[in-house]
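The block underneath contains the structure these notes are about, expressed in structure tokens.
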Amino acid sequence: MKRIKIKDILSSDKSQYEACVKGWVRTFRNNQFIALNDGSTIHNLQAVVDFENTSEEILKRITTGACVSVTGTIITSLGKGQKYELKASALEILGDSDPEKYPLQPKKHSLEFLREIAHLRFRTSTFSAVFRVRNVLSHAVHKFFQEKGFAWIHTPIITASDAEGAGQMFRVTTLDLKNPPKTESGEIDFSQDFFGKSTNLTVSGQLEGELAAMALSEIYTFGPTFRAENSNTTRHLAEFWMIEPEMAFYDLNDNMDLAQELLQYVIKEALAHCADDLQFLNERLLEEEKQKPQNERSEMNLVDKLKFCVENDFQRVTYTEAIDILRESNHNKKKKFSYLIDKWGADLQSEHERYLVEKHFKKPVILIDYPKEIKAFYMRQNEDGKTVRAMDVLFPGIGEIIGGSQREERYDKLLQRMQEMHIPHEEMYWYLDTRRFGACPHAGFGLGFERLVLFVTGMTNIRDIIAFARTPKNCEF
Ligand code: 4AD
Ligand code: MG
């Protein structure tokens with residue numbers, strides 16, 4: 001008999017039919033009731049075993065974590081909290097799970113513990129919900145751009161450039177580390193390396209994305225990016241996925257419009273297609289927040305917060321306005337920030353971003369026109385000579401979720417900025433060429449996919465919304 005997914009059984013209005021269900025045992029009670037989960041939904045299906053006609057040997061093997069195939073009749077359940085159950089007529093153990101050794105007991109485990117057994121944590125309700133939401137969000141990203149006619153460009157993973165000019169890169173090499181070839185001056189001779197030059201994992205697909213946008217008009221990337229920054233925070237990964245749209249003929253306002261539209265669209269998709277999972281995550285979060293003092297709890301529950309973001313325009317503010325707000329804030333005056341804001345030009349820390357979003361505006365914020373000193377070389381310079389057409393989208397609980405800008409399309413200005421910032425402009429002739437041949441105003445941004453998933457799931461640590469987190473001193477699995 002063909003297998004039916006639990007989700008399809010629970011969402012149909014049929015009963016009294018034969019079905020075969022395969023999944024993993026969550027619990028087994030009274031030698032009779034299996035809570036079976038196959039990952040198609042947060043809900044388990046109760047399979048009722050005919051224990052009088054099942055051998056003792058088989059009954060013993062129905063343990064938490066075991067994989068079973070159950071065939072029987074789907075009937076309307078008399079039990080509480082479930083529409084249907086499966087009255088088993090045959091049961092086969094597909095894979096045993098020794099209850100003495102299986103690390104996932106049918107009880108609540110801490111997220112820290114589950115991180116150590118990340119190979120098994122998919123099997124918990126929380127993580128299966130997270131990964132279903134993650135999947136819907138990634139599909140929604142593609143849907144959004146495809147509906148708008150953007151072309152998905154696959155930019156390289158291995159590059160010889162540092163797109164952000166920030167130098168936080170993982171080197172890629174096949175040289176013998178014990179005995180690398182040296183140049184006459186004693187430096188490592190990368191001309192003998194695999195690519196004949198020094199290479200690294202990409203930190204961003206933007207620069208290559210810009211090249212494509214200068215022909216296809218509207219493109220996006222969606223791929224892995226790598227940063228060797230030694231940031232051990234709940235919002236940084238060494239390997240993360242980024243979505244980078246790049247659009248010819250867009251200015252900063254168009255860019256902001258697109259960023260807001262994208263975020264609202266994908267959150268709406270999650271609300272529409274992950275209602276059960278979000279409800280579960282909502283309750284999980286409420287439970288978790290009970291441990292916190294009242295003043296640290298969220299003002300809105302998860303689902304209301306998502307709806308709020310979908311329904312309200314993001315607040316657009318200049319960096320200069322933000323600095324004034326922060327400088328005048330009670331938080332600053334009472335020295336509650338770790339980094340006090342004393343003058344224009346200061347880089348904003350996540351505590352400042354979150355203050356603006358959570359305490360001051362109480363909604364998502366788009367900060368624009370940052371000082372050029374704290375932003376990348378490719379951002380379009382404003383007439384004031386001090387600021388650039390940058391934008392960061394800041395979200396509650398997250399801080400920066402998007403970073404982007406209108407790009408400097410004027411060859412001379414770009415070259416000058418590259419020189420000032422010691423960006424190797426000769427090697428980057430290909431980037432400058434777009435400004436020499438048919439340049440046009442254009443803009444784009446990067447959305448950190450994990451930060452989006454973090455926001456939508458209400459999870460609090462970025463290590464818990466990617467399958468296998470890569471962070472400093474940790475590359476397990
Ligand atoms: O602000 P970032 O560094 O911008 C860029 O890389 C630009 N090239 C984007 C563009 O304009 N096309 O990174 C963009 C976003 C951040 O806003 C953040 O959401 C995410 O990427 N991000 C990280 N996410 C997880 N771990 C990290 N270490 C991250 N660094 C950045
Ligand atoms: Mg940034």
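What to note about this one:
- Under 11 Å, Cβ to Cβ, from Arg61 - net charge with Lys/Arg +1 and Asp/Glu -1: -4
- Across segment 212-228, coupling constants 3J(HN,Hα) worked out from phi with the 6.51/-1.76/1.60 Karplus curve, θ = phi - 60°, read 5, 5, 6, 9, 8, 6, 10, 10, 8, 10, 8, x, x, 9, 9, 9, 8 Hz, and Gly and Pro carry x.
- Convex hull volume of segment 11-139 per residue (C-alpha atoms, cubic angstrom): 130
- Chain lengthening between Glu311 and Lys386 when straightened (0.36 nm per residue, less Cα-Cα): 23.6 nm
- Karplus-derived HN-Hα couplings along segment 276-289 (A = 6.51, B = -1.76, C = 1.60, θ = phi - 60°), whole Hz, x at Gly and Pro: 5, 5, 5, 4, 4, 5, 4, 5, 4, 5, 4, 4, 5, 6
- Here the Karplus curve 6.51 cos²θ - 1.76 cosθ + 1.60, taken at θ = phi - 60°, turns the phi angles of segment 236-241 into couplings of 10, 10, 7, 10, 9, 9 Hz, with x standing for Gly and Pro.
- Extents of segment 195-276, largest first, come to 49, 37, 21 Å (Cα atoms, principal axes, whole angstrom).
- Hull shadow area, averaged, the chain [alpha-carbon convex hull, nm²]: 28.7
- Residues Tyr431, Tyr17, arranged from fewest to most other Cβ atoms within 10 angstrom of their Cβ, appear as Tyr17, Tyr431.
- Kirkwood radius and radius of gyration were both taken over the C-alpha atoms of segment 336-428, and their ratio Rg/Rh is 1.04.
- Extended-chain gain in nm, criterion 0.36 nm per residue less alpha-carbon gap, Cys20 and Phe195: 57.7 nm
- Calculated FRET efficiency, Gln168 to Phe468, Cβ-Cβ distance, R0 = 22 Å: about 0.60 to the nearest 0.05.
We did not get these values from a lab; they are worked out from the coordinates using the rules stated. The model shown is predicted, which means the values in this text are computed figures rather than measured ones. A quick note on method: Cβ atoms are made from the backbone with ideal geometry, for glycine too, and the neighbour counts reach across all protein chains shown.
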